[in-house]
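The values are calculated or read from the model by the stated rules, or taken from the named source; none is laboratory data. Treat the numbers as computed from the prediction; the structure is a model and nothing was measured. Cβ atoms come from the backbone with ideal geometry, glycine included; neighbour counts cover every protein chain shown. To get the accessible areas, we keep the full protein, side chains included, count just its heavy atoms, and leave off ligands, DNA and RNA. Shrake-Rupley method; radii C 1.70, N 1.55, O 1.52, S 1.80 Å.
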Amino acid sequence: MSRPDFASGPMAEGRPLDDAVASQAAEWLTLLMSDQVDEADRQRWRRWRQADPDHDRAWRHIEAVTGRFQEMIPGAAYRALSSADPDRPTSPGRRQVLGLLLMIGAGGMLGAYSGGWRRWSATYATRVGERQGWTLADGTRVTLNTDSALDVDFSAERRRLRLLAGEVWVVTAHAGGVEDPRPLVVETAQGQVRSLGTRFSVRQEQDRTRLAVSESAVAVSPGGQVNAPRVVRAGQAAEFSDQALELVAPAPPGEPAWLRGQIVADDMPLGQFLDELERYRPGLLGHDASVAGLRVSGVFPLDDTDRILQTLPQVIPVNVHWRTRYWVTVTSAP
């Protein structure tokens with residue numbers, strides 16, 4: 001693909017975009033993808049977007065382009081955006097990345113990125129390895145697991161939570177004795193989960209949603225087909241696509257272990273264990289197929305994933321190779 005001609009100026013939705021608006025969008029994108037963003041910043045960004053049709057057009061185009069690929073690497077994009085002097089919002093580094101966002105199409109370079117950009121403008125978000133909880137306006141308590149993002153949209157008619165990435169634990173206000181007539185719904189890419197007064201977790205994966213109910217029940221509508229929901233009750237776990245729902249193994253009793261900062265493995269295949277552990281650490285964690293079937297048991301602290309990897313060779317016949325802290329491979333021991 002030929003390189004876009006940034007000198008010709010940014011475009012959005014097929015029309016030229018004022019350079020000042022493009023620069024502002026670049027600054028907002030830089031902030032929203034940084035570790036310093038907070039809810040006040042997001043509120044200011046929303047006001048900026050609503051203040052002018054061109055502001056909204058610029059952001060719609062960014063959303064459309066990045067949305068075609070579903071995921072991008074926030075760190076890489078942020079490093080490119082922030083490599084220039086922060087006092088020069090129209091500097092070449094920022095303008096180059098902004099030009100890519102505002103000018104390339106479906107076959108463009110954003111296909112090389114991964115990780116959903118939307119999480120950086122979500123109401124609540126966590127970084128890799130982070131877990132954090134919030135109490136919503138209606139008294140509902142939500143806790144996000146590692147690398148997760150949640151949009152909150154309350155109106156007079158409904159309470160909607162959109163899980164954009166990762167995993168959320170929900171304790172409804174009803175569990176604390178507070179009644180609210182508005183339905184509480186958690187939406188994912190595959191459908192929606194309506195609370196029936198309960199405690200439950202929802203996990204967004206690439207092509208499915210995982211659900212575990214710890215108390216009461218939820219009504220699940222794969223593909224958003226609300227006329228024929230399936231009820232999942234306390235002690236049950238389920239997976240659903242946009243077409244169908246399937247009950248799987250019983251849900252573990254009580255709260256999920258990650259709320260306590262733990263992975264609990266009960267004769268778990270090592271491949272599955274490492275895939276789960278990778279969610280909580282930056283970089284790449286790979287393993288050979290020859291070790292995937294080894295079994296692991298124990299309670300492991302998520303706040304020190306390096307230590308978990310360092311102790312593996314003491315309990316199972318594997319070697320752990322550290323090319324860097326961010327590139328680790330587990331292989332069979334000789």
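Accessible area per residue for the stretch 226-334 is 58 Å², calculated with a 1.4 Å probe on protein heavy atoms, without ligands, DNA or RNA. Along each principal axis, taking the top coordinate minus the bottom one, the Cα set of the stretch 256-334 gives 36, 27, 19 Å in descending order.
Here the gap between residue 226 and residue 306, fully extended at 0.36 nm per residue and compared with their Cα-Cα distance, gives a gain of 24.4 nm.
Using a 10 Å cut-off on Cβ atoms, rank the peptides 194-204, 149-159 from the highest mean neighbour count down. Please report the intermediate quantities before stating the final value.
On the way: 194-204: 21.4, 149-159: 15.2.
Peptide ranking by packing, descending: 194-204, 149-159.
Note on the stretch 118-205: Cα-only Rg and Dmax are 12.1, 36 Å. Length gained on full extension, residue 233 to residue 210: 6.9 nm, using 0.36 nm per residue less the C-alpha separation. Length gained on full extension, residue 322 to residue 288: 10.8 nm, using 0.36 nm per residue less the C-alpha separation. Working note: Debye formula, equal point scatterers on the alpha-carbon atoms of the stretch 199-334, no solvent; log10 I(q)/I(0) at q = 0.19 Å⁻¹ is -1.09.
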